[in-house]
1. Would you point out which residue out of 179, 209 is surrounded by 15 or more Cβ atoms within 10 Å (Cβ to Cβ) and under 22 Å from residue 236 (Cβ atoms)?
2. Check whether at least one residue in segment 161-172 is at pLDDT 95 or above and within 26 Å of residue 70 (Cα to Cα), and report yes or no.
3. Could you identify the single residue in 151, 193, 136, 155 that is at pLDDT 95 or above and surrounded by fewer than 19 Cβ atoms within 10 Å (Cβ to Cβ)?
4. Counting only residues that are within 20 Å of residue 199 (Cβ to Cβ), give me the helices (runs of 4 or more DSSP H) lying completely in segment 78-176 with at least 2 of them.
5. Among the residues of segment 227-250 satisfying the criterion of being without any contact (Cβ under 8 Å) to a residue 12 or more places away in the chain and not in a helix (DSSP H, G or I), which is surrounded by the fewest Cβ atoms within 10 Å (Cβ to Cβ)?
6. Check residue 187 against each of (1) more than 15 Å from the chain's Cα centre (by Cα); (2) surrounded by fewer than 22 Cβ atoms within 10 Å (Cβ to Cβ); (3) in a helix (DSSP H, G or I) and name the one condition it does not meet.
C-alpha cells in the first residue's frame, strides 16, 4: 500500500510540475500592462474578438447587400400598386391580388398593405404605409388610415406634411375636431412652403370655425394673407377673413 501511495504522490508531483511548466511557458514573466493582460486572458479575448467580427460581418452583409436587394424588390412591387393608385383604383392599390403581365411574365400584384408588411424594414415599405393610409382615407376607413399614416416615417418633407395633414382629415371625418386642429397645425409647420403650409392653415381655420372659435380662425387666415398671399389659398383668403369677422363680430 505504501508503494502505491508513493507512486501516486510521484505521479501527482509530475503532473503539477508539467502544469507549472506549461503555465510558465504560456505567460512570459517579463510581460506587463496590456501584453500581460492579453497573455492572461488570451482565450477569452479571442472568443470575444471572434464574436465581434462575426457581428460586424453580419451587419455589413445586411447593410450592404441584403437591405439594398430587399429595397430593389420592394420598389419593383410598389410600382404596380402605384399605377392603380394614380387612376383612383384605391381598393386594388390597397389589397392587390389581381394578375398582370409583367416583363417577367404573369404575376399577381401586391397591394400597399402587403408591401408595408413584407418590406417593413425598407424605405419603400414605409412609403407603402403612406399610400395605404391615403387609400383608406379615400374609401372611408378612417381609423385604419390613421394607423397606416402614423407608421409612415419617411424623410420627404412634402409627403411627411401630407401624411400628418391626412391624419387631421381623418379626425375631422370622425368628428374629433380638436385632434384635427392639432394635426393640421403640425402639418402646416412641418415644412414651410407655399403648397402644404397655407393648405393646412386654412383647414385648421375651418376646424376652428366649426367650434365657433372665430378669433383663432381669423388669426390663421390673416397669417395666410401675410405669409402666403400668392398661394391658391392666399388669393381667396379675404373672403374667409370677412366671413369670420362677421360671424364672430370681430
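The values are calculated or read from the model by the stated rules, or taken from the named source; none is laboratory data. From a predicted model like this one, the values you see are computed outputs, not experimental measurements. Positions of Cβ are generated from backbone atoms using ideal geometry, with glycine treated the same way; all protein chains shown enter the neighbour counts.
1. Numbers: 179 fails: under 22 Å from residue 236 (Cβ atoms).
Testing whether each residue is surrounded by 15 or more Cβ atoms within 10 Å (Cβ to Cβ) and under 22 Å from residue 236 (Cβ atoms) leaves just 209.
2. Step one: list which residues in segment 161-172 are at pLDDT 95 or above, which gives 161-172.
The next check asks that each one be within 26 Å of residue 70 (Cα to Cα); those that pass are 163.
For segment 161-172, residues at pLDDT 95 or above and within 26 Å of residue 70 (Cα to Cα): present.
3. On the way: 193 fails: at pLDDT 95 or above; 136 fails: surrounded by fewer than 19 Cβ atoms within 10 Å (Cβ to Cβ); 155 fails: at pLDDT 95 or above.
After ruling out the rest, the residue left standing is 151.
4. Values: elements: 90-95, 112-118, 123-138, 142-150, 157-173.
The helices (runs of 4 or more DSSP H) meeting that bar are 123-138, 142-150, 157-173.
5. Once the filter is applied, the top-ranked residue is 249.
6. The single condition residue 187 does not satisfy is (2).
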